[in-house]
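The values are calculated or read from the model by the stated rules, or taken from the named source; none is laboratory data. The shown structure was predicted, so the numbers you read here are calculated from the model rather than taken from an experiment. Using ideal geometry, Cβ is built from the backbone for each residue, glycine included, and neighbour counts are taken over all protein chains shown.
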Amino acid sequence: QAPLDLPALLEKARALQTEVDAFAVSGYFSPFNPAHEEEAYRALTEATGLPVVLGHQLSSRLNSVQRATTATLNASLLAILHDFVDAMRRALDERGVTAPLMVMRGDGALMDAAVAGRRPVETVHSGPAASAIGGQVLAGREGGVIVDIGGTTTDIAVVDGGRVMVREEGTTVGPYSTAVRAASVHSIGLGGDSLIGLDAENRLTVGPARVVPLSLLAHNHPSAAKYLRHVHTRLHRRPSPDLIEFWFLQREPRRPPKEKRAEQVLALLREGPLPLPEILERLGIIHPLQFGGQALIEQEIIGRAALTPTDLLHLTGDYAPWDADAARAAAGVMARLSGLSTADMAAQVATLITERITAEIVTFLSGHTLDRARGYSPRDLGAWLFEESLYRRHPYLGAKISLKIPIIGIGAPAAIFLPRVAEVLDTELVLPPHYPVANAVGAVAGSVMVNREAWIFPRMRGVHIAGYYARIDSDRRLFGTLEEALTHARQSLAEAVAAAARRAGTDEPHLQFEQLPDGADSYRLRATAIGNPRLDKAP
């Protein structure tokens, strides 16, 4: 193979090292030969001192783009998970808790925090996985659609035969396809903390952006409560939802912002939360894009507070732990902006939420969208059938969509929004005991589980088979017969997966093997080690 161009690699790395937290290295055929990745690791570590992630250590699949994407995402998450785990360890130490710290993977399995620190990308979808496991455990049902309505998202998963369905081919993170094995979860930007706003046609919208409820902000900051109680006096000829949007400092940036106005905004917010119109007025500008405000929000340096479904629950008393008067004032402003009464505005928001959850369950399970085609098309019939199943308005025709398994609702708002969803889908709604905290139950109900795979494929000499290769990670060996290759792969996998399970946090793993065809005269052997988490810290 050609030598690695280390001078060019290091020149680029030194130019970037003050702007990044970690590096990712992924070679085209690194699962077969990781020499270049390992050489780059040694050089980058010595030259920069920053963490370096290697693609072949995260995935042995030959999809080079998927593997590179996984390595890049893993590198981007290292610092975040390190800070999270470090904060958790401090909190446990302060409380005298000596139990080991475990982190849940995206497929619902547990792993030791030290392992998670090196492979944070494997925690993708861990929250929905924990919710699905917790919902199934609390409900005691072998099957069902788990619907978890949280603050930021609503997550939909399926439990079948007592197990959460997993996406074997690798999950997606936003627009990116990865090699991470994770629960098959459909997440939508809809939850108790979703932003309630207006579209260009002055129609109410819910989500996908997440904000802090105004009732909570007002509860913690009297100045915000005072502003909201008197906000109606600030309505003018061209009011907008910005009147009831606050910004606040969420954390200090790792590096000073390059934009002068961005630093001015941070200085203002260090004094406390401010309404967006006041921020713009004090800066002498008309839009947050003029100082890079959206970038600061995306980096979670600046947080936003605005009207949310949680605030509207304060109006009905269904959930009212914070400042109900502030929530009522903000809801009144949004009602005036939308041309509705406060009660009608709140009812319309609830309808939007239940409609969206119902539609997302149907699209997730069916694999088909409900978008209307442009212009006339018979495909519009699907959208009509769905809408008729919701409203049943037609005088002669009727439509009903039936769900064959129950909905298992979890998350605090489940009892408020899911009864109507279950009614439309003609199924049972199960709200198990302690359903608001099912996510936490799922986190402690999981087991340590580790998977490793081996590939057995023929060595061809012309059109004849001249032996079989057994490949486990980057180790490849040649054997005379298929049986010899399978025996070696099974023994090596057993040792590797048991050792990995012990590192992940269990002492006595149970091993399972699965042999699958993988093309002509080729096989894939998967070993799974499952065990209960270690309950005292490893020596």
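Details
Let's see how each residue does on (1) of a type in the set (Val, Ile, Thr); (2) part of a helix (DSSP H, G or I):
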position: 314; (1), (2): no, yes
position: 322; (1), (2): no, no
position: 328; (1), (2): no, yes
position: 332; (1), (2): no, yes
position: 335; (1), (2): no, yes
position: 344; (1), (2): no, yes
position: 350; (1), (2): no, yes
position: 354; (1), (2): yes, yes
position: 363; (1), (2): yes, yes
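- Identification of helices (runs of 4 or more DSSP H) wholly contained in segment 1-93 with 1 or more residues that are under 19 Å from residue 171 (Cα atoms) and of a type outside the set (Ser, Thr, Tyr) yields 55-58.
- Any chance residue 69 is surrounded by fewer than 20 Cβ atoms within 10 Å (Cβ to Cβ) and touching a strand residue (DSSP E or B) at 6+ places or on another chain (Cβ under 7 Å): no
- Against the test of being free of Cβ contacts under 8 Å to residues at least 12 places away in the same chain and surrounded by 14 or more Cβ atoms within 10 Å (Cβ to Cβ), the options 503, 477 yield a single qualifying residue, 477.
Conditions (1) in the same structural domain as residue 312 (by TED's automatic domain parsing); (2) in a strand (DSSP E or B); (3) among the charged types (D, E, K, R); (4) under 19 Å from residue 332 (Cα atoms), marked per residue:
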{"position": "131", "(1), (2), (3), (4)": "no, no, no, no"}
{"position": "147", "(1), (2), (3), (4)": "no, yes, no, no"}
{"position": "187", "(1), (2), (3), (4)": "no, yes, no, no"}
{"position": "228", "(1), (2), (3), (4)": "yes, no, no, yes"}
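- Exactly one residue out of 346, 324, 335 is modelled with pLDDT of 90 or more, under 17 Å from residue 305 (Cβ atoms) and among the small types (Gly, Ala, Ser): that is 324.
- Counting only residues that are in contact with a strand residue (DSSP E or B) (Cβ under 6 Å, 6 or more places away or on another chain) and either buried (at least 18 other Cβ atoms within 10 Å of the Cβ) or modelled with pLDDT of 95 or more (or both), segment 192-223 holds 11 of them.
- Residues in segment 231-254 that are at pLDDT 75 or above and part of a loop (DSSP other than H, G, I, E, B): 245, 250, 251, 252, 253, 254.
- Cβ pairs under 9 Å, 6+ apart, first in segment 39-51 and free of Cβ contacts under 8 Å to residues at least 24 places away in the same chain, second in a loop (DSSP other than H, G, I, E, B) and crowded, with 18+ Cβ neighbours inside 10 Å: 45/51
- Any hit, segment 149-163, residues being hydroxyl-bearing (Ser, Thr, Tyr), part of a loop (DSSP other than H, G, I, E, B) and either within 17 Å of the chain's Cα centre (by Cα) or farther than 24 Å from residue 69 by Cβ (or both): yes
- Looking across segment 176-185, the residues that are part of a strand (DSSP E or B) and either surrounded by 21 or more Cβ atoms within 10 Å (Cβ to Cβ) or not assigned by TED's automatic domain parsing to the domain that holds residue 366 (or both) come down to 182, 183, 185.
- Residues of segment 190-214 that are part of a loop (DSSP other than H, G, I, E, B) and under 22 Å from residue 318 (Cβ atoms): 190, 191, 192, 193, 211.
- Selection count, segment 94-109, where residues are outside any loop (DSSP other than H, G, I, E, B) and within 20 Å of residue 504 (Cβ to Cβ): 3
- Single residue of segment 153-177 satisfying the filter (touching a strand residue (DSSP E or B) at 6+ places or on another chain (Cβ under 7 Å) and at pLDDT below 90) that is farthest from residue 443 (Cα to Cα): 170
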